[in-house]
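Note sheet for the following structure.
The values are calculated or read from the model by the stated rules, or taken from the named source; none is laboratory data. No experiment lies behind these values; they were computed from the predicted model shown. Please note: Cβ atoms are built from the backbone with ideal geometry, for glycine as well, and neighbour counts cover all protein chains shown.
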Amino acid sequence: MFARANLHGGKAAILWGHQTAIELSHWRVVKKHPETMGPNGFITLTGVPRWTLSGTTTRVNKFYARQTPLLLTVPRPQGFFLWPVKSIEFLGPTSIRAILEQPEH
């Protein structure tokens, strides 16, 4: 498994049930796995990887965006990538950052 991943794209959405809470025009999901230097000098992966989202919003329903559970949905050719959302931070009128759970399969 990769210690780091960097995915990005165009349209995506954060859903509350079947309702659209946030529409995104651009998004980036980054996975970073905690690393430590082992006694042998090699880097070892420790703990659970952290997934973060940054994105540009085109529409926000503030009521739906405050509900739980929320799910980030990213279209792909054979369906969707899905990440449960732990928390969302609004950085400005059109920017968000979110902490995500492990992706669903």
* Asked: Here are some residues: Thr36, Thr57, Thr20, Thr44. Which one is in contact (Cβ under 8 Å) with a residue 40 or more places away in the chain and among the β-branched types (Val, Ile, Thr)?
  -> Thr20
* When region 53-105 is examined, which residues are found to be more than 18 Å from Ala5 (Cβ to Cβ), surrounded by 13 or more Cβ atoms within 10 Å (Cβ to Cβ) and of a type in the set (Lys, Arg)? -> none
* Asked: In region 1-29, which residues are hydrophobic (A, V, I, L, M, F, W, C) and modelled with pLDDT under 95?
  -> Met1, Phe2, Ala3, Ala5, Leu7
* Tally, over region 30-47, of residues that are modelled with pLDDT of 80 or more and of a type in the set (A, V, I, L, M) -> 1
* **Among the residues listed as Lys62, Lys31, the single one being free of Cβ contacts under 8 Å to residues at least 60 places away in the same chain and within 17 Å of Ile99 (Cβ to Cβ)** => Lys31
* Of (1) under 22 Å from Gly92 (Cβ atoms); (2) touching a Gly at 6+ places or on another chain (Cβ under 7 Å), Val60 satisfies all except one. Which? -> (2)
* Structure fact -> Scanning region 28-63 for residues that are part of a loop (DSSP other than H, G, I, E, B) and of a type in the set (A, V, I, L, M, F, W, C), the one farthest from His18 (Cα to Cα) turns out to be Phe42
